[in-house]
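Taking it in order: structure first as structure tokens, then the write-up.
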Amino acid sequence: MTHVVVDPISRIEGHLRIEAEVEGGAVKQAWSSSTMFRGVELILEGRDPRDAWAFTQRICGVCTTVHAIASIRAVEHAIGATPPPNARILRNLIIAAQNVHDHVIHFYHLQALDWVDVVSALSGDPAKTARLAQSISDWPLSSAAYFSGVRARVKAFVERGQLGIFANAYWGHPAYRLPPEANLMALAHYLEALDWQRRFVKIHAVLGGKNPHLQSFLVGGMATPVDPDAQASLNMGTIAQLRQLVAEGVDFVSRVYVPDVLAIAPFYKDWFSIGPGVTNYLSYGDFPLDDSADPVLYLPAGVIHDNDLSRIAPVDQGKIDEYVTHSWYDYTMGDDKGLNPYHGQTNPHYTGPKPPFKRLNVEEKYSWLKSPRYDGAPMQVGPLARMLVAYGTGRPSRARQLIDSALKQLGAQPAALFSTLGRIAARALEAQVLVESMGMWVDALAEQMARRDFRIQDTSRWDPGTWPRECFGAGFHEAPRGALGHWVHIRDGRIAKYQCVVPSTWNAGPRDARGQPGPYEASLEGTPVAKPEQPLEILRTVHSFDPCMACGVHVVDASRRELARVRAS
Ligand code: NFE
Ligand code: MG
């Protein structure tokens with residue numbers, strides 16, 4: 001038995017430590033620990049709920065819009081504000097842009113190098129690479145001269161010993177299987193994606209003034225005037241600009257990102273059965289298509305139990321509880337109880353070993369993440385959960401169509417989706433579904449302007465004097481990494497209590513009171529590890545969830561920070 005510690009796992013946001021027991025070339029048991037504490041829920045107490053979005057948005061700079069969205073929805077629910085259609089449409093555009101941008105960056109810059117060997121790419125033949133690229137897509141940057149230029153650029157970095165963004169990887173590891181030409185093509189797209197993301201995110205600058213941390217959110221609506229006749233507002237020029245940026249997004253996702261995933265996957269088909277883990281999935285659904293109290297959602301809500309896509313249950317938020325049995329928090333009623341977020345508590349109490357330490361005490365508490373459970377069960381959340389709910393319900397039909405066509409191309413069954421590679425493929429296909437949907441909302445915004453409906457905020461509840469003395473609200477959102485909820489309790493116009501239950505908390509949380517592992521922990525069980533001192537395969541499965549600890553724990557303890565350590569003992 002080898003005890004492997006990966007701490008911190010890099011190419012993620014924040015600090016994540018994985019400990020695993022490896023026996024017979026595979027992980028037997030694993031533990032996921034966030035080694036970072038943040039106190040945003042506590043910072044909010046006593047503040048004006050109309051300001052909460054600006055604070056919660058700072059939980060994370062990666063999924064930079066998501067906590068603002070969940071926060072304004074929670075406060076609107078509590079005080080009874082109803083955003084007008086323009087606000088709904090603008091929010092849908094912002095959310096979709098966030099998801100698409102985040103997914104592309106995750107694939108190329110945070111995950112691809114687990115599968116793509118940069119050093120091998122340097123021996124890729126540019127002419128063969130051009131043939132490969134042209135066989136999978138009609139993307140124009142595909143000539144031998146182009147790939148030769150990319151190879152020369154990266155070679156110059158490597159020869160000067162300046163691997164920079166490519167440093168500290170396991171180049172040459174036996175688990176890398178792509179031929180040099182596929183590595184070279186993917187490397188070229190890694191560099192193109194850096195440039196593409198900078199352009200695509202202008203959608204956020206146009207609609208929110210800046211990225212990260214857009215400035216245009218508002219309880220009851222948005223702070224952006226819509227008026228085709230005014231210069232300093234969203235007008236027909238904005239519509240034209242949005243159409244152009246969305247078209248570039250569709251182009252890159254459908255001609256580069258998705259084809260790359262489908263070209264790389266066949267070399268790693270065994271990863272369609274590695275890393276299944278927790279068999280339950282949860283999606284709150286998102287992208288309201290109308291302005292009723294219970295709107296149709298473009299991506300539907302649903303709960304999947306035991307991988308059964310034929311029976312998708314509605315979401316009952318009353319069934320959500322958080323446990324701290326293995327987390328560095330105390331509950332006043334005892335640490336074996338689960339608490340619904342309306343009654344949640346954030347009482348931090350670190351009881352772990354004094355750093356630097358070799359091992360966590362996993363029999364006791366070992367993470368700053370809580371363990372959210374739905375009806376007592378762990379749930380996977382994220383693009384795969386959303387695409388499975390879409391597949392099972394048949395909505396939107398485009399999701400089902402893209403999934404079926406990808407499975408056909410790969411010669412795989414839907415069950416292949418319950419895996420490490422399934423999470424990666426679902427993220428890519430979701431990016432395509434969402435970037436394509438953005439045109440529909442740009443059209444909707446143009447129609448609103450044409451019918452001269454410029455309403456942007458429900459001001460009827462802006463004055464706290466119109467609120468009940470005490471009220472409660474919950475705001476739900478599908479962030480790039482999955483189901484996100486904020487719960488707020490308002491008393492006398494101020495926040496009495498605020499709780500966030502975040503996607504990476506669902507996925508990366510530790511064992512619960514019953515000892516059930518969280519999704520990262522469960523999915524690592526059985527993951528092969530060829531060289532325990534270079535646990536590349538552990539990175540593959542953990543990265544497939546797109547971890548974000550900043551979100552998951554929602555003030556970094558500087559004394560506990562380490563730069564890099566990977567150790568097998
Ligand atoms: Ni910081 Fe986040 C997303 C949220 S965490 S990345 O997406 O909420 O899981
Ligand atoms: Mg929380």
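This table checks each residue for (1) away from ligand 2 (no atom under 16 Å from the Cβ); (2) out of contact with any strand residue (DSSP E or B) (no Cβ under 8 Å at 6 or more places or on another chain); (3) among the small types (Gly, Ala, Ser).
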| site | (1), (2), (3) |
| --- | --- |
| Val4 | yes, no, no |
| Gly14 | no, no, yes |
| Val27 | yes, no, no |
| Arg38 | no, yes, no |
| Asp48 | yes, no, no |
| Ser71 | no, no, yes |
| Ile95 | yes, no, no |
| Ile105 | yes, yes, no |
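Cβ-Cβ under 6 Å, sequence separation 6+ or interchain: first residue in the range 392-412 and on the phi > 0 side of the Ramachandran plot, partner open to solvent by 70 Å² or more (accessible area, probe 1.4 Å). Which pairs?
Hits for this filter: Gly394/Arg400.
Please report, ordered by residue number, the strands (runs of 3 or more DSSP E) entirely within the range 1-100 with at least 1 residues that are within 20 Å of the chain's Cα centre (by Cα) and crowded, with 24+ Cβ neighbours inside 10 Å.
16-23, 26-34
Could you look through the range 360-377, keep only residues that are of a type in the set (Lys, Arg) and assigned to a loop (DSSP other than H, G, I, E, B), and pick out the one that is farthest from Val6 (Cα to Cα)?
Per the criteria, the residue is Lys370.
One line per residue, one yes/no per condition, for (1) farther than 29 Å from Val488 by Cα; (2) not in a helix (DSSP H, G or I):
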| residue | (1), (2) |
| --- | --- |
| Asp335 | no, yes |
| Thr346 | no, yes |
| Lys358 | yes, yes |
| Gly392 | yes, no |
| Ala406 | yes, no |
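Might you let me know whether the range 127-138 holds any residue that is exposed (fewer than 15 other Cβ atoms within 10 Å of the Cβ) and of a type in the set (A, V, I, L, M)?
The answer is yes, given that some residue of the range 127-138 is exposed (fewer than 15 other Cβ atoms within 10 Å of the Cβ) and of a type in the set (A, V, I, L, M).
Kindly check whether there is at least one residue in the range 522-538 that is away from ligand 2 (no atom under 16 Å from the Cβ), surrounded by fewer than 24 Cβ atoms within 10 Å (Cβ to Cβ) and closer than 24 Å to Lys319 by Cβ.
yes
Out of all the residues in the range 3-55, which are of a type in the set (S, T, N, Q) and at pLDDT below 95?
Within the range 3-55, Ser10, Ser34, Thr35 qualify.
Taking the condition of being surrounded by fewer than 22 Cβ atoms within 10 Å (Cβ to Cβ) and not acidic (Asp, Glu), how many residues in the range 232-257 meet it?
Number satisfying all stated conditions: 16.
Which of (1) closer than 30 Å to Gly275 by Cβ; (2) surrounded by 15 or more Cβ atoms within 10 Å (Cβ to Cβ) does Ala444 not meet, given it meets every other one?
(1)
Within the range 365-382, restricting attention to residues that are open to solvent by less than 10 Å² (accessible area, probe 1.4 Å) and small (Gly, Ala, Ser), which residue is nearest to Asn280 (Cα to Cα)?
Per the criteria, the residue is Gly382.
Output the residue which, of all residues in the range 117-126 that are assigned to a loop (DSSP other than H, G, I, E, B), of a type outside the set (Gly, Ala, Ser) and open to solvent by 20 Å² or more (accessible area, probe 1.4 Å), is modelled with the lowest pLDDT.
By that ranking, first place goes to Leu122.
Checking Thr279 against (1) open to solvent by less than 40 Å² (accessible area, probe 1.4 Å); (2) β-branched (Val, Ile, Thr); (3) more than 21 Å from Ala406 (Cβ to Cβ), which single condition isn't satisfied?
(1)
Yes/no matrix, rows are residues, columns are (1) out of contact with any Pro (no Cβ under 6 Å at 6 or more places or on another chain); (2) farther than 19 Å from Val104 by Cβ; (3) surrounded by fewer than 20 Cβ atoms within 10 Å (Cβ to Cβ):
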{"position": "Pro140", "(1), (2), (3)": "yes, no, yes"}
{"position": "Ala145", "(1), (2), (3)": "yes, yes, yes"}
{"position": "Lys155", "(1), (2), (3)": "yes, yes, yes"}
{"position": "Arg160", "(1), (2), (3)": "yes, yes, yes"}
{"position": "Ala167", "(1), (2), (3)": "yes, yes, yes"}
{"position": "Leu184", "(1), (2), (3)": "yes, yes, no"}
{"position": "His189", "(1), (2), (3)": "yes, no, no"}
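Filter the range 127-139 down to residues that are part of a helix (DSSP H, G or I) and not polar (S, T, N, Q) and give me whichever is nearest to ligand 2 (Cβ to nearest atom).
The selected residue is Ile136.
The values are calculated or read from the model by the stated rules, or taken from the named source; none is laboratory data. These numbers come from a predicted model, not from an experiment. Neighbour counts are summed over all protein chains in view; Cβ atoms, including those assigned to glycine, are modelled from backbone coordinates with ideal geometry. Ligands, DNA and RNA are excluded from the accessible area calculation, which covers all protein heavy atoms including side chains. Shrake-Rupley method; radii C 1.70, N 1.55, O 1.52, S 1.80 Å.
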